[in-house]
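> The structure's right below; bear with me while I get my questions together.
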Amino acid sequence: MQRVVKQQRVGLLVPSSNSTQEPEFAAMLPSNVSLHVTRLGLASVDPDSTLKIVAELEKESKKLADADVDVILLAATAPSTRMGKGYDGQLVQRIQDATGRRATTAATAMIAALGAYRARRIALAGPWSSQTNQQVTDFLMSHGFEVVSQVAAEVTRNNDIGRLPPESAIELGLKADRPDADVLFLACGNWWTIPVIEALEAKVGKPVLTTNNMALWQVLKMLGGHVTVPGFGRLLREMPELPLAPAEKAA
């Protein structure tokens, strides 16, 4: 077997019951990027669990730093939006302080991707509970976005979410979509979505953003050197630039 040289390394902090992110990321990553994973305890997507999961953040991040990763990613939407605006930044800082590595979260990537497309009106679909959907909605609204519709499948056990077929993303996405939405957002990193993103984009005529394709897009932009990753929707195919942070705009 020919050896493929991995020039860049991504560290992924994944909920312990997540069975989807590793195969989805492995499928989407360019061949010169390797994936290194550690797990944070979470069995169900409920308010207590999504708060307690980050108790292990520093300990598990340090393990990824031992692998000399370039970026550490907490690609979990519910945990990284759990405490409202600014919470994702606190999690990023905790990871960076513990490891000295660059870091990001699903929530951070979500805001960046929406900014890259200048989207303001969001249609939201999630496999979890209406309560978790509202938590994500509140986070988006705190950043100035409007959630024009939201639909939840009411599945809270994370192992059950990971067993939902990709077709459930098409069904729920079409139910959530509205003509006035700028983008359709399929939330949850344990929901199989990448096999259907392009088919769904063809149906709705707008970008379909998912927890995993947004997180990977931001990580690849942070790493640099990646022009396009075709086959997983407009975001990774077009690779728009990261929007400027407020401090950068002011400068």
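The values are calculated or read from the model by the stated rules, or taken from the named source; none is laboratory data. Everything quoted here is computed from the prediction, not taken from an experiment. Note: ideal-geometry Cβ built from the backbone for every residue, glycine included; neighbour counts use all protein chains shown. Each accessible area value is taken on the protein alone, full model and side chains, heavy atoms only, with ligands, DNA and RNA left out. Shrake-Rupley method; radii C 1.70, N 1.55, O 1.52, S 1.80 Å.
> Since LEU140 meets every condition but one in (1) open to solvent by less than 10 Å² (accessible area, probe 1.4 Å); (2) at pLDDT 95 or above; (3) of a type outside the set (S, T, N, Q); (4) farther than 22 Å from LEU236 by Cβ, which condition does it not meet?
It fails just one condition, (4).
> So if I check each of VAL92, VAL45, VAL69, which one is modelled with pLDDT of 95 or more and under 28 Å from LEU140 (Cα atoms)?
When all the criteria are applied, what remains is VAL92.
> Based on this model, can you work out whether ALA153 counts as farther than 18 Å from ASN213 by Cβ, open to solvent by 10 Å² or more (accessible area, probe 1.4 Å) and in contact with a helix residue (DSSP H, G or I) (Cβ under 9 Å, 6 or more places away or on another chain)?
Answer is yes for this residue.
> Just for helices (runs of 4 or more DSSP H) wholly inside the range 109-218: which have at least 1 residues that are closer than 28 Å to VAL92 by Cβ, in contact (Cβ under 8 Å) with a residue 40 or more places away in the chain and of a type outside the set (D, E, K, R)?
Because the criterion is at least 1 residues that are closer than 28 Å to VAL92 by Cβ, in contact (Cβ under 8 Å) with a residue 40 or more places away in the chain and of a type outside the set (D, E, K, R), the helices (runs of 4 or more DSSP H) in the range 109-218 that meet it are 130-142, 158-162, 167-176.
> Among the numbered conditions (1) at pLDDT 95 or above; (2) in contact with a Ser or Thr (Cβ under 7 Å, 6 or more places away or on another chain); (3) crowded, with 16+ Cβ neighbours inside 10 Å, tell me where ASN158 comes up short.
Checking ASN158 against (1) at pLDDT 95 or above; (2) in contact with a Ser or Thr (Cβ under 7 Å, 6 or more places away or on another chain); (3) crowded, with 16+ Cβ neighbours inside 10 Å, the one that fails is (1).
> Please determine whether any residue of the range 49-68 is in contact (Cβ under 8 Å) with a residue 60 or more places away in the chain, of a type in the set (Val, Ile, Thr) and in contact with a Lys or Arg (Cβ under 6 Å, 6 or more places away or on another chain).
Yes - at least one qualifying residue is present in the range 49-68.
> Follow-up question, since we're still on this one. Within the range 177-225, restricting attention to residues that are in contact with a Ser or Thr (Cβ under 6 Å, 6 or more places away or on another chain) and more than 23 Å from SER44 (Cα to Cα), which residue is least open to solvent (accessible area, probe 1.4 Å)?
Only one residue fits best here, namely GLN218.
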